[in-house]
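Taking it in order: structure first as structure tokens, then the write-up.
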Amino acid sequence: MTNQIGDLLGGEDSGWFCGLVFAGINQKGQDKWGMNAGTFSGQGGFNTQYLANPKEGMIGILMKQTLNVSEDTHGKFILLMRQAIDD
């Protein structure tokens, strides 16, 4: 995976990178975001969300059918994924 948007959203110093349907954590974002470098996530139609952490061997998929709903499911999904890591 590569950064496909350059410095549009802050570049390397922001701690993450973006592609067409994903966002990923780089080395600088590892401590800032509390996830391993290489972790990536994204959202699909009707708010379906996914997160993959290759270092931990973890993949999470949250399938929803919501549209035009204001909620923080994505933040809670990321939090639950982080809490599932037992080092």
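The values are calculated or read from the model by the stated rules, or taken from the named source; none is laboratory data. Everything numeric in this text was worked out from a predicted model, so none of it was measured. Cβ atoms come from the backbone with ideal geometry, glycine included; neighbour counts cover every protein chain shown.
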Counting only residues that are surrounded by 15 or more Cβ atoms within 10 Å (Cβ to Cβ) and within 18 Å of LYS76 (Cα to Cα), which one in the stretch 24-35 is nearest to the chain's Cα centre (by Cα)? GLY24
For the stretch 34-81, enumerate the residues that are without any contact (Cβ under 8 Å) to a residue 12 or more places away in the chain and β-branched (Val, Ile, Thr). ILE59
Within the stretch 23-34, take every residue that is closer than 22 Å to GLN83 by Cβ and touching a Ser or Thr at 6+ places or on another chain (Cβ under 9 Å) and give me the one that is modelled with the lowest pLDDT. TRP33
Of all residues in the stretch 36-67, how many are within 13 Å of PHE77 (Cα to Cα) and either among the small types (Gly, Ala, Ser) or touching a Cys at 6+ places or on another chain (Cβ under 9 Å) (or both)? 4
Any residue at all in the stretch 36-56 that is part of a strand (DSSP E or B) and at pLDDT below 85? yes
Across the stretch 60-78, what is the total count of residues that are under 16 Å from GLY24 (Cα atoms), surrounded by 10 or more Cβ atoms within 10 Å (Cβ to Cβ) and not aromatic (Phe, Trp, Tyr)? 4
Six or more apart or on different chains, Cβ atoms under 6 Å: show the pairs whose first residue is in the stretch 13-24 and farther than 14 Å from GLN43 by Cβ and whose second is polar (S, T, N, Q) and at pLDDT below 80. PHE17/ASN3
